[in-house]
Structures are given as C-alpha cells and as structure tokens.
Amino acid sequence: MKYLMCNLKSNKNLKEMLEYKKQLKTLNLSNCEFILFPSFIYLSLFYDAKFLLGSQNISKYEEGSHTGEVLASQLKSLKVTYTLINHTETHEKHKNVIKKIKIATQENLKVVLCFGEKSENQDAIPLLKNDLEEIFNQLERKEQVNIILAYEPSYAINRGHIVNPQRIEKVINEIKDYIVDKYSIAIKIIYGGSINPINILELAKIDKMDGFLLGNCANNPKNLEKIIETL
C-alpha cells in the first residue's frame, strides 16, 4: 500500500477548511496510507479523523519559553503521528534538521525527511548522497530507521514542472541502494513536486516508489479522488 501524504501548506481559512474536512469524508481512502498535513492552527479540527495526521514542521526546541514555536510534545497531544522536516520552503540548516529528527523520534513522531537538488542541471546523485550522509551520520540507529525520505527537487515545486520519471526512478533506486549499503536500512522513499491527476498516471508506474507527497494539488478533493483511483 502506497503513502499518500497531503501538504496543504498555508492554504484555506477556517470556513474553507471545515468544508474541506466534510469533502474528505466522502473519499474512499482504503487503498492508500493517507496522511494529512494541514496548517498548525487547523490540526485540532482533525482530532477525530479516521486517517493519520501530520505536522508541516516542528520546533527544534524540546520545551521552554519559545514564543511562536510548536513543540513535538504539543503536536503529539493532537494525535499527530508524522512530521515534515526540511521541506524546501522552510530553508533549514542541517544542524536544525538533525535536532528536529532527534526530538521527533523521542516523541514517537514518524519523520518525513525532504531532500532534493536545486537545479535540473545538477548531477543529483552525488549531491543527494552527501546531503543525506551529513544528516544520517549524526543520528542514532533508532532515529535513522524512523525516517521516510521525500524526494522533492526544489525546481519542481509550485512550478507545474514534473521531473522526468526516468530521473526520479534513478534517484530512488540509487538512494535506496546507498542507504542499504551504508546504513543497512531498507528505507521508504516517496516523491513530491507538481504532482497532478494526469502526471501521476506515469509516476505510479515507478516500481520502487513508496508513495507521493502532494502539495497544492491536495487542496482540491476532486484531485485527490482521481489520484486515489490511480493508486
């Protein structure tokens, strides 16, 4: 069963989110592992949801007086079980990414670690291996195995430009092999970046793809319905 993770980003006001919640109840989510990532302020609206809930980020702090921060322990109390870390729109430094992964693991939150190259002209594999190694080498085993990787090339986000499926497949295969060889972990990898009901038909054919991280496309339940049918 593939993951279908939906990052709603900073979209929707309260009225729109309540309507969205109502429409989600009409979808058949039985053939995927559905995880919703709404804005922090709307997480409590989905406390009674039948699907899994994720946060779009977490604080690098465990506790204390940190105005404006949302702690992993607070998110856990809202039945959040997943968290995005290092999304390209958050511009994270590796030292903060590592702190957040450690904190999330302590609170039993599953980490969806975003990674990806910035330019289509870059030789992606060496860059991605180096980035992941800098992070994984600073983690304990229990933290490493708590990670799902989300391959999101930054040049493909919010631009309607889908990455060549052959390039995606190559990255997924090589990174999976790399993580197995270096860390002995059969890691899950999902893809995100300008996915829509049309191009997912081709993306879903990638053999070792473990699922998808939808962005703006997920804000329309009709898109979700079509994508779920594809899965």
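The figures follow:
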quantity	calculated
GluC sites (Glu not before Pro) lying in DSSP loop within region 1-78, provided at most 15 other Cβ fall within 10 Å	Glu62, Glu63, Glu69
Loop-located chymotrypsin sites (Phe, Trp or Tyr not before Pro) in region 123-231 whose Cβ has at most 16 other Cβ within 10 Å (DSSP)	none
GNM result for the chain, Cα springs below 10 Å: residue of Pro197, Pro126, Pro221 fluctuating most strongly	Pro126
C-alpha center-to-center spacing [region 180-215, region 104-123] in angstrom	13 Å
Enclosed volume per residue, in Å³, of the convex hull spanned by Cα atoms of region 92-143	77 Å³
Ranked list, fewest to most other Cβ atoms within 10 Å of each Cβ, for Met209, Met1	Met1, Met209
Relative contact order for region 2-230, counting Cα pairs under 8 Å that sit 6 or more residues apart, in percent	21 percent
Taking Glu174, Glu107, Glu152 and counting other C-beta atoms within 10 Å, the order from fewest to most	Glu174, Glu107, Glu152
Volume per residue of the C-alpha convex hull in region 94-217, rounded to whole Å³	106 Å³
The chain: translational diffusion in µm²/s, Stokes-Einstein, Kirkwood Rh over Cα pairs, 25 °C, 0.890 mPa s	137 µm²/s
Sparsely packed chymotrypsin sites (Phe, Trp or Tyr not before Pro) within region 1-103, loop by DSSP, other Cβ within 10 Å at most 11	Tyr47
Extension gain from Asn11 to Leu27, taking 0.36 nm per residue of separation minus the Cα-Cα distance	3.7 nm
Mean ellipticity per residue at 222 nm, deg cm²/dmol - from DSSP H runs of n ≥ 4 across the chain, formula -39500 (n - 2.57)	-10000 deg cm²/dmol
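None of the figures in this text is laboratory data; all of them are computed from the coordinates on show. Just so it is clear, the structure is predicted and the values come from calculations on it, not from any experiment. When we count neighbours, we look across all protein chains shown, and the Cβ atoms used for this are built from the backbone with ideal geometry, even at glycine.
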